[in-house]
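Taking it in order: structure first as structure tokens, then the write-up.
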Amino acid sequence: MIDEIAFDTSRACAERLDAADPLRRWRTEFEIPPDAAGNPRVYLVGNSLGALPRRARDYVNAELDRWGHLGVDGHFTGALAWEPYHELLTEPMARIVGGQSDEVVVMNSLTANLHLLMISFYEPTPQRHKILIEDHAFPSDHFAVESQIRQRGFDPASSLVLLRPRAGRTTLDPSDILDAIAQLGSELALVLLPGVQYYTGQVLPMPEITDAAHGAGARVGFDLAHAAGNVPMQLHDWDVDFAAWCTYKYLNGGPGGVGAAFVHQRHVADQQLPKLLGWWGTRKDTRFEMKTEYEPIPTVESWQLSNAPILSMAALRASLEIFDEVGGVATLRTKSERQIAYLDHLLGAVLAGRIVSLTPPEPERRGAQFALTITSREVDGRAVYDRLEEAGVACDWRHPNVIRVAPVPLYNTFVDIHRFVEILEGLIP
């Protein structure tokens, strides 16, 4: 078994780990981009864009064929009819995030969904108007929150509260998050934080944050862009109010792939919540009677505005099928934790003193991504990143000094990890 294999720095060890990996066959379900010589790259950038599921070609082509053969009739013809197509994704996606089928919908894009959900869940008053986010939030989240505050007639200078790491640290201390929520108390309207921080890879304590926010009388939402498909979650059981995420990272939905949203069951039927309305959120059985009286679908689907982007959803359907066939996020997480430990071991054994990881070391506080910095001021980190790319390693660079790599358990091997460290060692004196 894979857990019984002791780590060492040899390539043979990586090969033994791969041979013992019960999930090794799933790599063949994905197309790994080639390097300049035509060999598979060391593709460690699934935290930005997941690899292509091979069956996605067939699924997208099937919809192109249906479009060509059926035209407009494709909306209502067969098991893949476009009018209800998004429903094919509902239950698989709900399993990814630990939601009920009436709480999860695949629609729009991440930031569009955050805006739609903040319309409903950010209801500021003169007393309770503050939103708590992190200082190093993904820029789109920061922009969205600022604009929501201004749209309601408030000023971000007084309504936007930024969480910062303690002096000399790069990640948030969980106790500081909970303390900030308690201190804001009756002024706090909304907590909006990532499930996994995009820069450092830190997993935030979502259940504890939710409990603390509710204890202060505030609502809580999560941006799960770097969490969905990466770490197990139970949004329903945690009582999270809402969440939104993209699908092109760990969920392999393709560039610019359709987003998704969660609204807790206890809010779904609340007709007092403000909401932006669209045709696709009204009752399905009367939708095509073209009435102008809005009758909401009694699920999170009432937050929908328009009909589904079928080609994007077809690609995502291919990936979500694989997640189910593998056994879900919990199964993948078991392998991911082993890969994380292996990369930790290699970095410590081979590159100690030359590389430091900003990602928390505790398994429960990290996902698949590593945020690596080079310790020597004599070495240009951006130049090292460029040379990694030239050597066939796909990773990414985040200003000012972080190289991000993410071994994805669906398709990355232990040999991939070994090759990355071997190449990196040769680039850092």
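Structure notes:
- Cα point-scatterer Debye curve for segment 62-324, base-10 log of I(q)/I(0) at q = 0.15 Å⁻¹: -1.08
- Segment 358-429-segment 76-100 distance, computed between alpha-carbon centres (Å): 36 Å
- Taking label positions 7 Å along the Cα-Cβ direction at both Leu70 and Glu425, the computed distance is 5.5 nm, reported to one decimal.
- Among the GluC sites (Glu not before Pro) found in segment 315-423, those both in a DSSP coil and sparsely packed, with 10 or fewer other Cβ atoms within 10 Å of their Cβ, are Glu378.
- In the chain, the calculated helix contribution to ellipticity at 222 nm averages -11000 deg cm²/dmol per residue, counting -39,500 (n - 2.57) for every DSSP H run with n ≥ 4.
- Footprinting exposure proxy ranking of Asp8, Asp21, fewest other C-beta atoms within 10 angstrom first, gives Asp8, Asp21.
- Proximal charge balance of Leu23 [Cβ under 12 Å; K/R count +1, D/E count -1]: +2
- Note: relative contact order over segment 62-324, using C-alpha pairs below 8 Å and six or more positions apart, is 23 percent.
- Restriction of the GluC sites (Glu not before Pro) in segment 272-304 to DSSP coil positions whose beta-carbon has at most 11 other beta-carbons within 10 angstrom yields Glu293.
- Contour excess over end-to-end distance, with Cα ends at Ala352 and Gln183 and 0.36 nm allotted per residue: 56.8 nm
Each reported figure results from applying straightforward, stated rules to the coordinates on display, with no laboratory input. From a predicted model like this one, the values you see are computed outputs, not experimental measurements. A quick note on method: Cβ atoms are made from the backbone with ideal geometry, for glycine too, and the neighbour counts reach across all protein chains shown.
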